[in-house]
Amino acid sequence: MPIATRAFAAVAADQPLEPWSFDRRDPGPDDVAIEIKYCGVCHSDLHVAKNDLGGTRYPIVPGHEIAGVVTAVGSNVTRFKEGDRVGVGCMVDSCRTCAACQEGLEQYCEPGMTQTYGSADRKGAEVGQKITQGGYSDRITVDQNYVLSIPDSIPLDAAAPLLCAGITTYSPLKTWGVGPGSKVAVVGLGGLGHMAVKLAAAMGAEVTVLSTSDRKKADAERMGAKHFLINSDADAMKAAAEKFDLIINTVSATHEIASHLNLLARDGTMVMLGLTTEGMPVFAIPLLMRRRRVAGSLIGGIRETQEMLDFCAEHGIACDIEVIAPDRINEAYERMLKSDVRYRFVLDMAQL
Ligand code: NAP
Ligand code: ZN
Ligand code: ZN
């Protein structure tokens, strides 16, 4: 029996999201059926709903910061049972055999991961679904290997955004070896940025936030930042030259990055996380003079996502959220475009 699912979907790039319903598959032997309680609103959802990246197939149900409760499991499922608190992030499947999948880096799956929404749905045929549909909905069915356990100490609503904003910032902090004594700058204090600050501080780093205004200064300090700079302030940027081992750049729009490279110490790296589609000039000389790097990073693997959730539980970390009813999603997108989010909208599916 297909699972009747209610949702909010984008139907065209220039139209507001609207109520929509469709069927999810009944759990197969390896599947976990989940009642979605909360779903975070990531800026990537907005990029896809508005077709910023090109190629969006409508109607599309965004949402890849899913927290909920298991309602049924298939016969092969051993890791989860009815009633468990679980999460689903940005992917629901991958090839499982390529080198990346074998290393637990499913996000870099060579033939391509199956994203939670907008990917070809490998298992949707029985309910007539060609593409995957995400978490702005009340039900989802996911293979057990792509389901995460949410530790009991983290409330489900504040846990939801960890499934993307949390792992996307945790992964580069780990990859670039952040620990006690590291000097980390975070550019952009939005959903990703605020998690980067909390996680880096918990890892022992000295954290600086670079923001477009001083509106979020007190919040940044409360989250664990020691310093706060406005990135249009040329004097402050000059004073911060060569200070940082790692810059986590979470800005969601094309912006000037060349001046940020001078903030890196020798061998420092700036990791780009924002899904921007236009080029942003960088110059060779500031890079080569200090062996600096510009890098990128995409979410994180399943194993690392569980590690991040457990790290958050251990350190008492969760997201700063504003819980809203799903029918306020269009207003949430408008506020997100004005950088007016503190620091993640979370849809409460009970209000669907
Ligand atoms: P968000 O909550 O909207 O935060 C973005 C922040 O960027 C804003 O709060 C603002 O910070 C700053 N900003 C926005 N426009 C700017 C501009 N024109 N110039 C300078 N700064 C600007 O977005 P998010 O959900 O954190 O996502 C951030 C980006 O990461 C998005 O592009 C998203 O699609 C992408 N993303 C990537 C991955 C990945 O795997 N790499 C995963 C998730 C999301 P201030 O107010 O502090 O200036
Ligand atoms: Zn996301
Ligand atoms: Zn693979």
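Among the listed pairs Lys243/Lys338; Lys217/Lys238; Lys183/Lys238; Lys81/Lys130; Lys50/Lys123, which have their C-alpha atoms separated by more than 23 angstrom in this model? Please list the in-between numbers first.
Working: Lys243/Lys338 29 Å; Lys217/Lys238 19 Å; Lys183/Lys238 17 Å; Lys81/Lys130 28 Å; Lys50/Lys123 26 Å.
Violating the 23 Å limit, Cα to Cα: Lys243/Lys338; Lys81/Lys130; Lys50/Lys123.
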Worksheet entry | Centre separation in Å (Cα based) which lies between segment 95-155 and segment 1-42 | 13 Å
Worksheet item: Between Val187, Val207, Val323, which gets the highest mean-square fluctuation from a Gaussian network model of the chain, Cα cutoff 10 Å?
Response: Val323
Worksheet, complete the sentence: So the pair-distance distribution of segment 166-296, from every Cα-Cα distance in 10 Å bins, comes to percents of 14, 49, 34, 3
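Counting only protein heavy atoms, what percent of the accessible surface of segment 166-296 is carbon or sulfur at a 1.4 Å probe? Intermediate results must be reported in sequence, preceding the final value.
Numbers: 3070 of 5680 Å².
Heavy-atom surface of segment 166-296 belonging to carbon and sulfur, 1.4 Å probe: 54 percent.
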Worksheet item: Of all GluC sites (Glu not before Pro) in segment 192-288, which ones are in loop regions per DSSP and have a Cβ with at most 13 other Cβ atoms within 10 Å?
Response: Glu242, Glu256, Glu278
Worksheet item: When only C-alpha pairs under 8 Å and at least 6 residues apart count, what is the relative contact order of segment 166-296, in percent?
Response: 21 percent
Worksheet, complete the sentence: antiparallel share of DSSP beta bridges within the chain, to nearest 5, in %, is 55 percent
Worksheet item: Dipole of the chain (Lys/Arg Cβ +1, Asp/Glu Cβ -1, origin at the Cα centre): which of Ile140, Trp20, Gly54 lies farthest to the positive side?
Response: Gly54
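Taking only the alpha-carbon atoms of segment 271-352, what semi-axes of the equivalent ellipsoid follow from 5 times the gyration tensor eigenvalues under a square root, in whole Å, largest first? Working shown, then result.
Details: eigenvalues 217, 92, 26 Å².
For segment 271-352, the semi-axes come out at 33, 21, 11 Å.
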Discussion item. Just to confirm, what accessible area per residue do you get for segment 255-352 at 1.4 Å probe, in whole Å²?
Written reply: 48 Å²
Worksheet, complete the sentence: With DSSP loop assignment and no more than 15 other C-beta atoms within 10 Å, the trypsin sites (Lys or Arg not before Pro) in segment 112-208 are Arg122, Lys130
Worksheet item: Which helices of the chain meet both criteria: a Cα extent of 18 Å or more along the helical axis and a mean Kyte-Doolittle score no lower than -1.0, with helices taken as whole DSSP H segments?
Response: 302-315
Worksheet item: Cα centroid distance between segment 268-324 and segment 230-251, in Å?
Response: 16 Å
Item to complete: Once you have the Kirkwood Rh of segment 19-144 from its Cα pairs, apply Stokes-Einstein at 4 °C and 1.567 mPa s and quote D in µm²/s.
Response: 87 µm²/s
Worksheet item: Among the chymotrypsin sites (Phe, Trp or Tyr not before Pro) within segment 1-54, which fall in a DSSP loop and have no more than 16 other Cβ atoms within 10 Å of their own Cβ?
Response: none
Worksheet item: Using a 1.4 Å probe, what is the accessible area per residue for segment 1-160, in Å²?
Response: 41 Å²
Fill in: Debye-sum result for the chain in log10 I(q)/I(0), which assumes one identical scatterer on each alpha carbon, at q = 0.08, 0.11, 0.13 Å⁻¹
-0.37, -0.70, -0.98
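The values are calculated or read from the model by the stated rules, or taken from the named source; none is laboratory data. What you are looking at is a predicted structure, and each value in this text was computed from that prediction instead of being measured. We place every Cβ from the backbone using ideal geometry, glycine too, and count neighbours over all the protein chains shown. To get the accessible areas, we keep the full protein, side chains included, count just its heavy atoms, and leave off ligands, DNA and RNA. Shrake-Rupley method; radii C 1.70, N 1.55, O 1.52, S 1.80 Å.
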